[in-house]
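Okay, structure first, notes after.
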Amino acid sequence: MGYPYSSGDVLTAADLNASSGLVFIKSVSIGSGVSSVTVSNAFSATFDHYRVIVQINTCSSSPYVGMTIGSSTSGYYGGRSATTYAGAFSGAGDNSATKFSYLAAAFAGSPLQFSADIRAPFLTTETGIFSSYVDSNATSGASAGTYSGFLNNSTSHSYFTVIPSTGTITGGTIRVYGYNNG
């Protein structure tokens, strides 16, 4: 039976599996004063593409927050564009970098939220990423922005690591969802 469903339809497991959209995989808590957070067993053959939602309660300095995919330490390409709430534009890029460097930006003492769509990390093809973020410390020239890029290798990856460029992060949650291949 195909979506959309009607009142009174009897749904099978196959019906639900084919139309469930985002499927929760796991949640990881961010510790206190940590310099990175690795999320193991995040990617598998079950899904081709993923959504990662990160909520950081506090940043100790004014970092960019980046991400490595699996054990890859080179070949990261991408670009960030952002606008402060006062209207100033900024940009930055990764050219064969050691990580996706600019997924989000924060100010010292600020909370930070970002989400990233990660394309094909477990498949043996280039891994793509698109993220958007909000720095909610409006008194410090806060900004909102996007980042998009790719990891230039065809390795299958099962985990990722969230890494601030400077200082540490404290508290919050990293949630991972798979896009149903349905």
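The values are calculated or read from the model by the stated rules, or taken from the named source; none is laboratory data. The model shown is predicted, which means the values in this text are computed figures rather than measured ones. All Cβ positions, glycine included, derive from the backbone under ideal geometry; neighbour counts span all protein chains shown. All accessible areas refer to the heavy atoms of the entire protein, side chains included, with ligands and DNA or RNA removed. Shrake-Rupley method; radii C 1.70, N 1.55, O 1.52, S 1.80 Å.
Numerical summary
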item: Gyration tensor verdict on the range 10-80 (Cα atoms; rounded if a/c is under 1.5, prolate if a/b is larger than b/c, oblate otherwise); result: prolate
item: Neighbourhood charge, 15 Å Cβ-Cβ cut-off, centred on V37 and excluding it, Lys, Arg +1 and Asp, Glu -1; result: +3
item: Mean ellipticity per residue at 222 nm, deg cm²/dmol - from DSSP H runs of n ≥ 4 across the chain, formula -39500 (n - 2.57); result: -500 deg cm²/dmol
item: Between the range 91-151 and the range 25-90, the Cα center-to-center distance that results, in Å; result: 6 Å
item: Net charge of neighbours whose Cβ lies under 14 Å from the Cβ of G178, counting Lys and Arg as +1 and Asp and Glu as -1; result: +2
item: Per residue value of the accessible surface for the range 12-131 (all protein chains in place, 1.4 Å probe), Å²; result: 45 Å²
item: Carbon + sulfur, % of accessible area of the chain - ligands and nucleic acids excluded, 1.4 Å; result: 53 percent
